[in-house]
Amino acid sequence: MADTVTTLDGSTFLVTKPNGDIEAGPTEPDGLFFRDMRHLSLWKLTVNGIALDVLSTDALEYYFAQYFCVPPTGTIYENPTVSIGRRRYVGDGFVEDVVVANHGTETRKFELKLEIGADFCDLFEVKDQLAKKGKYYRQIRHRQLVLGYKRDDFVRETIISSTVPPDILDENFVIFRFTVEPKQSWTMRLQVTPVEGTMEYQPKFAGKMGEKMRQNLAKWVADAPTVSAYPDAVRVLYQRSMVDIAALRFEPETRPGFSIPAAGLPWFMALFGRDSLFTSYQLLPFNSELASTTLQVLAERQGKVMDDLREEEPGRILHELRFGELTHFKERPQSPYFGASDTTPLFLVLLDEYERWTGDTELVHKLEPNIRAALEWIDKYGDSDGDLFIEYKRKTDLGLENQCWKDSWNSVLFSDGTVAKAPRALCEIQGYAYDAKVRTARLARDILNDKTLAEKLEKEAKQLKERFNKDFWVPERGFFAIALDGDKKKVDSLTSNIGHLLWSGIVEEDKVKSIVDHLMGPKLFSGWGVRTMAHGEGGFNPIEYHDGTVWPHDNSIIAAGLARYGYRKEAAKIIGAIMEASVFFNYRLPEVFAGYPRTLTGFPVRYPTASSPQAWAAGSPMLGLRVLLGLEPVGNDLKSDPVLPPWMGQLVVDGIRGRWGRKRVAAEQAGAPSMEQMFTRMVTERALEKEERVA
């Protein structure tokens, strides 16, 4: 997607070429996608039969882009006298304003042709290169072009209209013929309206919704705390991340006017339980409304019955919700799909953390039935064999083999690289379950007035911690196994998962130092962050999705875990490395990047299919700022204990909302290098690395 331009809003995203055209390949996520289906795969504009060259493209806001184009003259000796501007606003379809300007001294005649097509591919069909099973149709309806697709009761359409009536309206293209006088211009607006069944979704910018959307973004930014720092790159990263999260928000059908984060572009523009929970946690010092809505939406869709296709169980929190063709016909289980074994304890973790920041006891009371159902799922369905540990094994071949955040099929490997046998008990999930029981015990005692439940949960948490530290510890290697396999064997590869154990608090004190040494050692720490798997393990690959790459969100959780156990300098080192890496991605942290050592490359290497923007990657700087400032809610007050990376001279966050109202927290340290010194250091590093590679 390097040579594409992306605009998005909620359940709509648009990926185009730099000149604004769409010519989607069979496996490329280009085009207009709406509610998991591609509603445009071809949108090509020509002027007098000539394809447009792009002068410049500006994606000024996440929902708006403009393209400045010219028809090429065919020679460097003749400058264009015609320019074409395309201004596009995305949201529930899109509107496009086209301006053809005649900069010359003679009257010009134009024929503007727009080729249009829609393959109506489900996003899963794009990913997996699957053939369509329904029938296409094209119609001209009320002087509008209608592209359609029907399979039994599943219908999707795309309606194309314009403010200027076309001279030719064909089922495959439209043509406009017009004349422009010297120094004058011609303008029209195109509108692309998606249809789901019988429901037409009017593009937001076709009417008053556009202004409301602009106001919503302005309010989102204005309500958030302000960040200032030295170097200023920290503020730029924060602002970029806040806008990216704003772009990924969408309104759930059950809670209009409220928003919840989608996971990421292009493959994950949907509700994901785990991603929404983690992102909401990361953002709590900066925005608590996302957490409130996320908790309520997930509670509304909490599992109620046994359903093997969707892996639904009573009390379980969903993993993913889709609206495309394949889920409609149960050819994919995401309608919704519940195959995640960490979302349920994470739901309880977020609820407690949300209440600690906001004091919103009303929501805790409202969700009490969901709390109890989640606890029952952990004990009855999560721990299916009664050994105190949550295990998973998929119930359908359509489901995920690994039901944790590292959900690729090969993410749970022994040190020799062999795949662990299912069912698998992942280490960090036990940590989440421990934390969930400790936190819910507090809610039960202090808010729900259920002392019996509180005592029960505290006893269970103590037993789980003792059992976990005994059964998962690999004494000969000095760290916790990533999992117990189906035969209860310790899966002994060294991975970043051990950092999540610190975050949850399940690690006994006598084991912490060894865990920290591994996390900060050269096998796991690349210089840009902690790798998902350590260099030297049998399955390690610096460009394998979960077996050697660096994930910003993973590092933010690890840093929070280090801080929890008092290793503040190490936590600051990780956050500082991720922040430095963001500079090379134009301050937009991607989902994942390669795990090559910093001493080898001098810059973080892109991962080819990483989502960008991605919600919990964008949320990582927020949790990072919390870690650096040592922000912790204590009763009705906000405590702070700053520890900054050596290169950061100042950090100020003003307007942190919570029980205390709003608060300003500032930190400074002497001896931080100047911007000139930092630049010189980076240039010197690159030069030395180049010399080493040549040698």
Q.
Can you say whether residue 227 is farther than 30 Å from residue 189 by Cα, surrounded by 19 or more Cβ atoms within 10 Å (Cβ to Cβ) and at pLDDT 85 or above, as far as the supplied structure shows?
A. yes
Q.
Of all residues being of a type in the set (D, E, K, R) and open to solvent by 30 Å² or more (accessible area, probe 1.4 Å) in the stretch 231-263, which is modelled with the lowest pLDDT? Just the residue, please.
A. 253
Q. How many residues are more than 19 Å from residue 283 (Cβ to Cβ) and touching a Lys or Arg at 6+ places or on another chain (Cβ under 9 Å) if we restrict to the stretch 542-564?
A. 8
(Q) Out of 638, 623, 629, 651, I need the residue that is open to solvent by less than 10 Å² (accessible area, probe 1.4 Å), over 24 Å from residue 240 (Cβ atoms) and at pLDDT 95 or above. Which one? (A) 638
Q.
If I filter the stretch 566-585 for residues that are in contact with a Ser or Thr (Cβ under 9 Å, 6 or more places away or on another chain) and over 27 Å from residue 641 (Cβ atoms), do I get at least one hit?
A. yes
(Q) Can you say whether residue 544 is acidic (Asp, Glu), in contact with a Gly (Cβ under 9 Å, 6 or more places away or on another chain) and farther than 22 Å from residue 3 by Cα, as far as the supplied structure shows? (A) yes
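Yes/no per residue for (1) touching a strand residue (DSSP E or B) at 6+ places or on another chain (Cβ under 7 Å); (2) among the small types (Gly, Ala, Ser); (3) on the phi > 0 side of the Ramachandran plot; (4) in contact (Cβ under 8 Å) with a residue 40 or more places away in the chain:
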site: 473; (1), (2), (3), (4): yes, no, no, no
site: 482; (1), (2), (3), (4): yes, no, no, yes
site: 485; (1), (2), (3), (4): yes, no, no, yes
site: 505; (1), (2), (3), (4): no, yes, yes, yes
site: 520; (1), (2), (3), (4): no, no, no, yes
site: 529; (1), (2), (3), (4): yes, yes, yes, yes
Q. Restricting the first residue to the stretch 246-267 and requiring it to be over 16 Å from residue 91 (Cβ atoms), which pairs with a second residue that is open to solvent by 40 Å² or more (accessible area, probe 1.4 Å) and modelled with pLDDT of 85 or more meet a Cβ separation below 6 Å and a spacing of at least six or different chains?
A. 254/300
Q. Residues in the stretch 447-461 that are part of a helix (DSSP H, G or I) and open to solvent by 10 Å² or more (accessible area, probe 1.4 Å): how many?
A. 8
Q) Within the stretch 199-212, which residues are surrounded by fewer than 19 Cβ atoms within 10 Å (Cβ to Cβ), in contact (Cβ under 8 Å) with a residue 24 or more places away in the chain and under 30 Å from residue 328 (Cβ atoms)? A) 200, 201, 202, 209
Q: From 240, 316, grab the single residue that is assigned to a helix (DSSP H, G or I), touching a Phe, Trp or Tyr at 6+ places or on another chain (Cβ under 7 Å), in contact (Cβ under 8 Å) with a residue 40 or more places away in the chain and of a type in the set (Lys, Arg).
A: 240
Q: Please give the number of the condition residue 610 fails out of (1) over 19 Å from the mean Cα position of the chain (by Cα); (2) within 26 Å of residue 590 (Cα to Cα); (3) of a type in the set (A, V, I, L, M, F, W, C).
A: (1)
Q: Please work out which residue is farthest from the chain's Cα centre (by Cα), limiting yourself to the stretch 143-156 and to residues that are open to solvent by less than 70 Å² (accessible area, probe 1.4 Å) and not β-branched (Val, Ile, Thr).
A: 144
Q: Restricting attention to helices (runs of 4 or more DSSP H) lying wholly within the stretch 462-581, give those where 2 or more residues are among the acidic types (Asp, Glu).
A: 509-520
Q: Keeping to the stretch 25-63, report how many residues are aromatic (Phe, Trp, Tyr), within 15 Å of residue 4 (Cβ to Cβ) and open to solvent by less than 10 Å² (accessible area, probe 1.4 Å).
A: 2
Q) Taking interchain pairs and intrachain pairs at least six residues apart, which have beta carbon atoms under 7 angstrom, with the first residue in the stretch 15-26 and assigned to a loop (DSSP other than H, G, I, E, B) and the second of a type in the set (Phe, Trp, Tyr) and crowded, with 19+ Cβ neighbours inside 10 Å? A) 19/67; 20/67; 21/43
Q) Residues in the stretch 157-176: is at least one over 14 Å from residue 116 (Cβ atoms), open to solvent by less than 30 Å² (accessible area, probe 1.4 Å) and touching a Ser or Thr at 6+ places or on another chain (Cβ under 9 Å)? A) no
Q) Among the residues of the stretch 264-296, which ones are crowded, with 24+ Cβ neighbours inside 10 Å, in contact with a Ser or Thr (Cβ under 7 Å, 6 or more places away or on another chain) and part of a helix (DSSP H, G or I)? A) 273, 276, 277, 280, 282, 290, 291, 294
Q. Do we have residue 657 as modelled with pLDDT under 95, basic (Lys, Arg) and farther than 18 Å from residue 630 by Cα here?
A. no
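The values are calculated or read from the model by the stated rules, or taken from the named source; none is laboratory data. Given the structure is predicted, the values throughout are model-derived calculations rather than measurements. Quick reminder, even Gly has a Cβ in these numbers, built from the backbone with ideal geometry, and neighbours come from all protein chains shown. These accessible areas exclude ligands, DNA and RNA; they are computed on the full protein's heavy atoms, side chains included. Shrake-Rupley method; radii C 1.70, N 1.55, O 1.52, S 1.80 Å.
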